[in-house]
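In what follows, a structure is listed as structure tokens, so that the remarks can point back to it.
The values are calculated or read from the model by the stated rules, or taken from the named source; none is laboratory data. These figures come from a predicted structure and were not determined experimentally. Positions of Cβ are backbone-derived with ideal geometry, glycine not excepted, and every protein chain shown enters the neighbour counts. Keep in mind that these areas ignore ligands, DNA and RNA; they rest on the heavy atoms of the full protein, side chains included. Shrake-Rupley method; radii C 1.70, N 1.55, O 1.52, S 1.80 Å.
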Amino acid sequence: MYSHVLISTDGSEVAQKGVEHGLSLAKALGAKVTLITVTERFPVYARGVGLEYAMSQPMTAEYATGQKEAANAALAAAKQLADRLGISTEDLHVPDAHPADAIIEAARSRNCSLIVMASHGRRGLGRLLLGSTTSEVLAESPVPVLVVR
């Protein structure tokens, strides 16, 4: 049924539940697994009409280094669980991207048959203000999405 599972993680406790569920499902199905984490672009804020506030090169380099370290940690935690379960994985870090777009593009380009991801389960104003990567993926995904809470 599902031959290639894309499992998304941001390294959080909630995301780890999705990783655990996705890996267990993939093992039961004998499916190929790709683990993905996405780090966002350096935020640029407007200062006045039409002007952008540019951060210094050392600051952007420090940000990029921190994002890469966070991505490596998130993937390492997921990979550790996969290794314990005897599942080989392909690991993917997509830097400087909008998470939902990157997850959907990875699913398309790698011919995944299922996306597994966790949801924080926010509702109301919290969801409106914070947005929901899971909701965006659900709305745009070309393949089924399994949401773990």
- Task: Keeping the other protein chains in place, figure out the carbon and sulfur percent of the accessible area of the stretch 80-122, with a 1.4 Å probe.
- Result: 42 percent
- Hey, what do the phi angles of the stretch 72-83 turn into as Karplus ³J(HN,Hα) couplings, whole Hz, using 6.51/-1.76/1.60 and θ = phi - 60°, x for Gly and Pro? 4, 5, 4, 5, 4, 5, 5, 5, 4, 5, 4, 4
- Please list, or write none, the lysines whose alpha carbon is within less than 21 Å of the alpha carbon of Lys17, excluding same-chain residues fewer than 8 places away. Lys27, Lys32, Lys79
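Where does each of 7-17, 64-74 land if you order them by average Cβ count within 10 Å, highest first? Each step should come with its number before you reach the end.
Working: 7-17: 18.7, 64-74: 15.3.
Result, highest mean Cβ count within 10 Å first: 7-17, 64-74.
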- List the residues whose amide H sits under 5 Å from the amide H of Val116, counting only those 5 or more places along or on another chain, with H placed 1.01 Å from N in the peptide plane. Leu6, Ile7, Ser8, Leu146
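Sort Leu114, Leu146, Leu92 by accessible area with a 1.4 Å probe, largest first.
Working: Leu114 5, Leu146 55, Leu92 30 Å².
Sorted descending by solvent-accessible area, the residues read Leu146, Leu92, Leu114.
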